[in-house]
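The next block holds one structure in the form of structure tokens; read it before the comments.
Read the figures in this text as sums done on the coordinates, not as results from a lab. The shown structure was predicted, so the numbers you read here are calculated from the model rather than taken from an experiment. Reconstructed Cβ throughout: ideal geometry from the backbone, glycine too, with neighbour counts over all protein chains shown.
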Amino acid sequence: MPEPAPSRTVAFLGASGGVGLAALRRTLANGYRCVALCRDPSKLTAIFPEMDLNLEAQTGLDDTMAATRRLTLVRGNAHDVDAVARCLLVPGTTDGERRIVDCVVSTIGGKFILSKLTVDDPNVCANGMATLLAAIKRLRLEGVSCSGPSTPRIVVVSTTGISKCGRDVPLALLPLYHGMLRVPHADKCVMEETLVTSGEMFAIVRPSLLVDYESEAEAKAATGANGGNDGRVFLKQLAETNFSVMSKGELEVLRTTTKDELGRQRQTTKEEVKALEDKLKKEHMYKNIRVGIEDPIANKRISSTVGYTISRADAGRWLAEKLVFPAELPANYARHIATITY
């Protein structure tokens, strides 16, 4: 069960969308105090319009921050040590009582550029992890206290397809992972290695291919609940495409086709989704997330799982419930890697 708020504080890097936003929503909903680093805080103020973001004078924050009773937004970049260090401080504490947050969730990543088969910043994750560790080190050297010897707990989102312990993606997706996603995956590898060798308490999450369905129920609703095409055929066809021999024009057509196909798959009404969610919950199918575990320090696989997709929403909720809420990281996740998939 989650520890009652406001006893612990969680910092988020990269929470303006995707898995990070889902984890932030879940964490706030369970009463935790949260701090989110944002290049543009207006993105999160738009997402949480019910929250009053005009409490700077009451909380003693400077003009780079905005706070509520449970959510603080810090303006800055995840590659800026000063900004990250501010995000790691429990809001409202004075100079003599400054304390580092209990947990840090990092879900930063680059924007994929299909025409170039790369991301806008090929080192975004590696540099982000180096910056986070540097910020923690600086605060400790300044005498900022921690709530325990294993804090802050660092939880990061990585990816399948980069395991050193064997295959963790379907065979049909190997060309996609090892070709199209080669650059961002190399970045994730460096990020993981930097964290694993840091000596910090950590947990790494490797979700399978992330999709935008709100949940597994929406995925089933969008592709037919009666066993019809569930979208995997399209993924397999995409994975078998040889991108290296395609012209720029052909890549643009593929990008448009992919966008249209994924949009078509998401066509469903809220009523249909709600009805299917109720049905799946009754059948105990609603949060059917499979988990595989690796020990990166011993370089061995403890248990394995292979799957095609998981929604960003379900991945974020799983991360919050399994890795953020427990007062101590469960032994099977502490300094381990968890692969999650439907």
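Quick notes on this structure:
- At R0 = 41 Å, FRET efficiency that the Cβ-Cβ distance of S7 and I113 yields, to 0.05: 0.45
- Each residue in T159, T131, T45, T197 was given a count of other beta-carbon atoms within 10 angstrom of its own, and listing them fewest first yields T197, T45, T131, T159.
- Stretching the chain fully between R167 and I297 yields a gain of 45.0 nm (0.36 nm per residue, less the alpha carbon separation).
- Across K111/K188; K111/K137; K111/K300; K188/K300, pairs whose alpha-carbon gap is larger than 25 Å: K111/K137; K111/K300
- Arranged from fewest to most other beta-carbon atoms within 10 Å of their beta carbon, E328, E192 become E328, E192.
- Taking Cβ atoms as reference points and 15 Å as the exclusive limit, the residues near D168 contribute a net charge of +4, counting Lys and Arg as +1 and Asp and Glu as -1.
- Of K164, K188, the sequence from fewest to most neighbouring Cβ atoms within 10 angstrom is K164, K188.
- Computed extension length for R290-E328: 11.5 nm, one decimal, from 0.36 nm per residue of separation with the Cα-Cα distance subtracted.
- Between H79 and R182, the contour length at 0.36 nm per residue exceeds the alpha carbon distance by 34.9 nm.
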